[in-house]
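To start, the structure itself, in structure tokens.
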Amino acid sequence: MKIKELFSAHDMTVGPPWQRIAEFAVPMLLGNLAQQLYNTADSIVVGKYVGDNALAAVGSAAPILNLLLALFVGISTGAGIVISQNYGAGDREKLSQSIGNCVTLAAIASLATMAIGVVITNPLLRLLDTPASIMAWCSDYLTIFFLGAAGFTFYNILSGILRGMGDSVSALAFLLLATVLNIGMDVWFVAGFQMGVPGVALATVLAQGISAMMCFLKLLRMRDVFDLTWSSLKLRRDAALRIVRIGMPSGITQAIMSVSMLVVQSLTNSMGETVIACNVIIMRVDGFAMMPNMTFGQAMSVYTGQNVGAKKIDRVNEGLRQGAIMAVGFACAITACLLLFGRYLFGLFTSTPELIALATRMMRIMAAGYITIAVTQVLGGIMRGAGDTVTPMWISLFNTVVLRVPVAYIMAWFTRCEAWPNGRPESLSISLLVTWVMGAVISVIAFRRGGWRKALNAEEKPEPWET
């Protein structure tokens, strides 16, 4: 394959399914890992140069960030599915209108996030009983991030458009460049200018803006595939509603999951700064461990969307078997690495022995759960790619709200002791493991019932688009 072909749209409706999935998933995996490195770099730099409390501050901000960015998650998910289906169907006009509307929706989502985020940051931090020792750092980090939310929003939505057309390499290249810049600026602002926690937030915002700009310039050069004009940027009711209708369940899921994370974060905060910092380390490593699973889920969504658009349903079934084998294989390898080398990974964030030991115990509880997540993500990706985003939404909400939050608090209650008056921190890991295992079981049942196939029939007769 020529270098130029790597940075172009790819047709996933022909050729061996495993090969098409792998060609798409590997660059996307590297890109997802690079994006995860954004927050990880923040944590490592502040943990090493400022201290464990600064590390706790960055981590405590994460659930609030996720809550406010739920809007763009919905648009990004809807964009990827609609784009992949239109590209697979070879419909240039609808593809152009969808891309233009995605760009406009991204601008609206950015403005909404900036306006709402700055206003509710401090009230939310107080509601969560954020320790006074890290309150100011949390507030500064979130305020800077929300003011620069446009870069984060546009990158994720524009890269979703590129991936929907099968081009995961361009998004990877732009993200790798931004990641290198982000790490360099993290060290420069924190170690050089002594800016502390606000420094890592500023570095992240600037780097994300650069990656978003690169994605937009790439789209402008893809005139052989679609037309990006002022006319296509105009919101069209049917086109915009279709993107929102397909993506909104994912956005709602993200929002409610973020609320449940805030509830669990409140429990974490009650256990003290040490547990908060430990949870940050766990979640950063967890973010990397989750990437292969998330990547295969996204790859299966695009693969399914293109083949649904081309009406090649048999390839969807074939891709399921081959994609599941690859995803579970990666998950087994990740689990083995966490069990063998987890302690050394945690040592990158802190030199405090107690933190490393606690993080190691918690990760050992969670490790086997990544195999079940692989199953959940592959099946969920196929359902979403077929247009059924509602079923994965209900599965996620049930597991996150009905299971995880009560299990965390119940386990914390039963593990109270003199050393841990509000419960042992391992209760947080146990709640995650229960959630992941049940998620896989419910996903298999839902997939076998075939509700996602009904979505295929619904997509065969879409409403006429406004012209």
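Take each of the peptides 84-95, 131-142, average the number of other beta-carbon atoms within 10 Å over its residues, and list them starting from the highest.
Working: 84-95: 21.5, 131-142: 19.6.
So the peptides 84-95, 131-142, ranked by packing, come out 84-95, 131-142.
Cα-based count: Lys pairs in the chain below 15 Å, eight or more positions apart or different chains? Spell out each step's value before the answer.
Values: LYS4/LYS218; LYS94/LYS234; LYS94/LYS461; LYS311/LYS454; LYS311/LYS461.
Final tally of qualifying lysine pairs is 5.
Taking only complete DSSP H runs, can you tell me which helices of the chain stretch 30 Å or more along their own long axis by Cα positions and average at least -0.5 on the Kyte-Doolittle scale? Each step should come with its number before you reach the end.
Working: long enough: 17-49 (46 Å, 0.21); 92-127 (50 Å, 0.92); 197-220 (36 Å, 1.71); 237-270 (47 Å, 0.65); 273-309 (51 Å, 0.57); 313-346 (45 Å, 1.00); 426-449 (35 Å, 1.35).
Counting only whole DSSP H runs, the qualifying helices are 17-49, 92-127, 197-220, 237-270, 273-309, 313-346, 426-449.
For the chain, just say rounded, prolate or oblate: build the C-alpha gyration tensor, square-root its eigenvalues into a ≥ b ≥ c, call rounded for a/c under 1.5, and beyond that prolate if a/b exceeds b/c, oblate if not. Before the final figure, lay out the partial values.
On the way: a/c = 1.74, a/b = 1.41, b/c = 1.23.
Because a/c hits 1.5 or more and a/b exceeds b/c, the chain counts as prolate.
Cβ neighbours within 10 Å, averaged per peptide: list 272-279, 234-241 in order, most packed at the top. List each step's numbers first, then the result.
Details: 272-279: 22.9, 234-241: 16.9.
Descending mean neighbour count gives 272-279, 234-241.
With a probe of 1.4 Å, find how much accessible area the chain has per residue, and write the answer as a whole number in Å². Mind dumping the intermediate values first?
Details: 18840 Å² over 467 residues.
Value for the chain: 40 Å² per residue.
Run the quick spin-label model on SER133 and ASP224: label points 7 Å from Cα toward the beta carbon, then report their separation in nm to one decimal.
5.9 nm
Quick one: pull the percent of accessible area on the chain belonging to carbon and sulfur, 1.4 Å probe, ligands and nucleic acids left out. Walk me through the numbers on the way to the answer.
Values: 12740 of 18840 Å².
The nonpolar share, carbon plus sulfur, comes to 68 percent.
Taking 7 Å along the Cα-to-C-beta vector as the label spot, tell me the THR274-VAL402 distance in nanometres, rounded to one decimal.
3.8 nm
Which value at 222 nm does the chain reach when only helices count, each DSSP H run of 4 or more adding -39,500 (n - 2.57), with the total divided by all residues and rounded to the nearest 500 deg cm²/dmol?
So the calculated ellipticity at 222 nm is -28000 deg cm²/dmol.
Working out 0.36 nm times the residue gap between LYS311 and MET213, then minus their Cα-Cα distance, what length gain in nm do you get to one decimal? Walk me through the intermediate numbers first.
Values: separation 98, 0.36 × 98 = 35.28 nm, distance 3.44 nm.
Going from the current span to full extension adds 31.8 nm.
The values are calculated or read from the model by the stated rules, or taken from the named source; none is laboratory data. These numbers come from a predicted model, not from an experiment. Cβ sites come from the backbone with ideal geometry, for glycine too, and all protein chains shown count toward neighbours. Ligands, DNA and RNA are stripped out before the accessible areas are found, and what is left, the full protein with its side chains, is counted by its heavy atoms. Shrake-Rupley method; radii C 1.70, N 1.55, O 1.52, S 1.80 Å.
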